[in-house]
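Data first, discussion second: the structure below is written as structure tokens.
The values are calculated or read from the model by the stated rules, or taken from the named source; none is laboratory data. Since this is a predicted model, take the numbers as computed values, not measurements. Every residue, glycine as well, gets a Cβ built from its backbone with ideal geometry; the counts of neighbours run over all protein chains shown.
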Amino acid sequence: MNKIFIILFLLLYDLFLFITPSISEDNKVKIGLLVPLSGDNAKIGLQIVKATRLALNDINSDKIEIFPRDTQSDPNKTLKSANELKQLGINLVIGPVFYKNLIYLDEIKDLIFLSFTNKTLKLPKNVISTGINSTSQLNTIKKFINQNEKKKTIILTPKLNYDLEIKKGIKESKIKSFKQYFYDNEPTKLTKQIEKITNYETRKQNLFDEIARLENSDDPNKERKIKNLEKRYTIGNVNFDTVIIADFDESLKSVITSLLYTDVSPKDKYFITLNQWFDESLLIETASQPIYYPSINKKNLEKFEKKFFKEFNENPNHLSLLSYDLIGLVYYLSLKNEILNIEKTFKAKNSFKGKIGIFEIENNKINHKLNFYKIEEGVIKEIF
């Protein structure tokens with residue numbers, strides 16, 4: 001254990017030494033960095049630190065000085081580290097990573113936090129969410145739906161801790177939905193709920209009734225027709241043309257499986273979900289394709305991943321790209337001298353083009369202008 005601690009300490013010291021000059025010059029912009037550098041989430045924090053190093057190298061300017069501090073993924077430690085940064089005369093901090101670490105930060109006056117969280121509800125007044133929030137994603141989905149002139153969209157949202165975020169995103173994006181449903185993740189309950197949403201039992205009975213009608217009819221082609229009907233599961237359409245599934249990973253796949261079971265196919269209806277970060281496991285789910293979702297610029301992500309791997313011989317997490325962009329954003333604001341009055345800067349309408357895409361800044365909030373993708377036949381295709 002002691003050897004591991006010493007190795008970790010030396011690694012952190014090397015990182016801090018690289019991006020934090022020992023002598024601070026008055027004309028430099030001091031930026032705090034609050035990330036987990038120890039504990040279970042240390043790898044996330046260390047990769048974010050590396051991404052800031054990469055950004056500083058690419059900017060090639062000595063105007064910005066970064067001061068990393070450990071949060072240990074703990075709200076109390078986060079508050080203590082934030083106070084240390086304030087004592088250094090810092091008024092802008094990138095981080096923390098996790099929503100739970102924000103709860104005490106409103107105690108610190110004159111300090112603005114650019115948190116990595118994508119949650120926007122109940123944030124302290126001095127915290128700005130920079131993650132890919134639900135409003136950004138639903139704005140992009142809305143654009144696609146409007147382009148394809150779809151009129152009956154239903155939204156399926158799991159009963160989890162982000163359902164209120166989805167509600168807020170729906171309201172702010174003004175996306176028009178025919179109906180919104182909240183479902184349980186427990187498989188048996190989920191299947192029953194999807195059956196109800198898709199009117200499955202009635203459509204299934206319609207099939208039985210039609211086969212019975214043909215059997216008792218004088219139709220000369222009834223045997224051929226009955227044989228074709230027996231290949232089907234239902235007769236009759238569902239009352240929607242697009243379904244937005246606000247879910248991820250295996251839970252998302254369970255919802256899609258339930259839709260397929262109730263004879264609702266992505267070949268006939270648009271299946272749209274939220275940002276999946278180009279989850280490769282979706283590529284092999286051919287029965288679920290085509291499936292659509294908003295996300296960051298894929299080409300830029302791939303370029304960043306190659307650059308990061310070449311520099312550090314490891315694959316970056318997605319927050320690394322966001323931290324890279326946030327350093328660029330701060331540098332951009334410093335060139336415009338807006339960093340001196342950072343609170344007003346994030347209240348005014350502004351925009352910045354980063355690797356993720358375009359940051360749209362207004363009213364102490366950051367939204368992202370995202371791209372839109374389709375997975376079809378095992379390939380990711382860009383729609384816009």
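Key figures for this structure:
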read-out	value
Qualifying positions in region 163-190 - surrounded by fewer than 18 Cβ atoms within 10 Å (Cβ to Cβ), in contact (Cβ under 8 Å) with a residue 40 or more places away in the chain and more than 16 Å from Ile244 (Cβ to Cβ)	Leu164, Asn185, Pro187
Contacts under 6 angstrom Cβ, first residue in region 305-323 being within 16 Å of Thr117 (Cβ to Cβ) and in contact (Cβ under 8 Å) with a residue 60 or more places away in the chain, partner part of a loop (DSSP other than H, G, I, E, B) and among the basic types (Lys, Arg), 6 or more apart	Leu321/Lys355
Scope region 257-286; condition within 25 Å of Asn139 (Cα to Cα) and of a type in the set (Ser, Thr, Tyr); matching residues	Ser265, Tyr270, Thr273
Selection count, region 162-174, where residues are within 17 Å of Ile132 (Cβ to Cβ) and not in a helix (DSSP H, G or I)	1
Test: residue in region 220-235 that is aliphatic (A, V, I, L, M), in contact (Cβ under 8 Å) with a residue 12 or more places away in the chain and within 30 Å of Asp163 (Cα to Cα)	no
Answer residue from region 33-45, given it is of a type outside the set (Asp, Glu) and surrounded by fewer than 23 Cβ atoms within 10 Å (Cβ to Cβ) and is nearest to the chain's Cα centre (by Cα) among those	Ile44
Leading residue by the ranking (surrounded by the fewest Cβ atoms within 10 Å (Cβ to Cβ)) among those in region 284-330 that are under 30 Å from Ile145 (Cα atoms) and of a type in the set (S, T, N, Q)	Thr286
Unmet requirement for Ala287, which otherwise passes all of (1) small (Gly, Ala, Ser); (2) more than 14 Å from the chain's Cα centre (by Cα); (3) modelled with pLDDT under 95; (4) within 28 Å of Pro124 (Cα to Cα)	(4)
Those residues of region 89-131 which are part of a strand (DSSP E or B) and either touching a residue at least 24 places away in the same chain (Cβ under 8 Å) or over 21 Å from the mean Cα position of the chain (by Cα) (or both), in sequence order	Leu92, Val93, Ile94, Ile112, Phe113, Leu114, Val127, Ile128, Ser129
Some residue of region 243-261 being closer than 22 Å to Thr202 by Cβ and loosely packed, with under 13 Cβ neighbours inside 10 Å	no
Residue list for region 361-377, restricted to those being touching a residue at least 40 places away in the same chain (Cβ under 8 Å) and in a strand (DSSP E or B)	Lys365, Ile366, Asn367, His368, Lys369, Asn371, Phe372, Tyr373, Lys374, Ile375, Glu376
Criterion violated by Lys151 - all others in (1) in contact with an Asp or Glu (Cβ under 8 Å, 6 or more places away or on another chain); (2) of a type in the set (D, E, K, R); (3) surrounded by 16 or more Cβ atoms within 10 Å (Cβ to Cβ) satisfied	(3)
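Residue by residue, here is whether (1) at pLDDT 95 or above; (2) over 27 Å from Phe359 (Cβ atoms) holds:
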| site | (1), (2) |
| --- | --- |
| Ile141 | yes, no |
| Asn146 | yes, no |
| Glu149 | yes, yes |
| Thr157 | yes, no |
| Ile166 | yes, no |
| Leu190 | yes, yes |
| Arg203 | yes, yes |
| Tyr233 | no, yes |
